[in-house]
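Down below is the structure, laid out as structure tokens.
The values are calculated or read from the model by the stated rules, or taken from the named source; none is laboratory data. As the structure is a computational prediction, the values presented were derived from the model and not from experiment. All Cβ positions, even for glycine, are placed from backbone atoms using ideal geometry, and neighbour counts span all protein chains on display. Surface accessibility is based on the protein's heavy atoms, side chains included, excluding ligands, DNA and RNA. Shrake-Rupley method; radii C 1.70, N 1.55, O 1.52, S 1.80 Å.
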Amino acid sequence: NYVKAIDDNLNDLYSVLIELKKRCFTVIAYGASAKSATLFNYNPRIAKLISYVLDDNELKIGRYCPGSNLLIKSPKNIQNSLGGIAVLLTVHNFKDEILKRLKSIGITGKIINYVPEVSVEDL
């Protein structure tokens, strides 16, 4: 039952990401962590929808996430895209800090959380 619940949650996440891509959002992830590597390697179809990963750690910037090979960028270098930015939180325990950071640099769009369930809210 546990694995089914996880798979159901990730299927919901995939559906949300597909819908945002159809609406011309640029989907990025925030947090090049072990959690994100686990997510992307367990469900590669989610990783394929991500344009790149943001992280604040200078040692990670310019490198790639293991397995998914997603480029890690600094949040300072992102800009709003024409359709909007959709940010997948892969480090949900830092949500408040991440929201403050994105707002302080003028990013608008959507924020997606998938723990404990999938939710989308305005940034």
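Within the stretch 14-23, restricting attention to residues that are assigned to a helix (DSSP H, G or I) and more than 14 Å from Asn113 (Cα to Cα), the residue that is most open to solvent (accessible area, probe 1.4 Å) is Lys22. Test of understanding: among Asn41, Asn11, which residue is touching a Pro at 6+ places or on another chain (Cβ under 8 Å), of a type in the set (S, T, N, Q) and either surrounded by 13 or more Cβ atoms within 10 Å (Cβ to Cβ) or over 24 Å from Arg101 (Cβ atoms) (or both)? Only one candidate passes the filter, namely Asn41. The strands (runs of 3 or more DSSP E) falling completely within the stretch 68-123 that include 1 or more residues that are open to solvent by less than 20 Å² (accessible area, probe 1.4 Å) and either modelled with pLDDT of 90 or more or among the basic types (Lys, Arg) (or both) map to 85-89, 109-113. Report whether or not Leu49 is buried (at least 20 other Cβ atoms within 10 Å of the Cβ), in contact with a strand residue (DSSP E or B) (Cβ under 9 Å, 6 or more places away or on another chain) and either at pLDDT 95 or above or part of a helix (DSSP H, G or I) (or both). In short, no. Taken over the stretch 59-110, the residue count meeting the criterion of being under 21 Å from Pro44 (Cβ atoms) and of a type in the set (S, T, N, Q) is 3.
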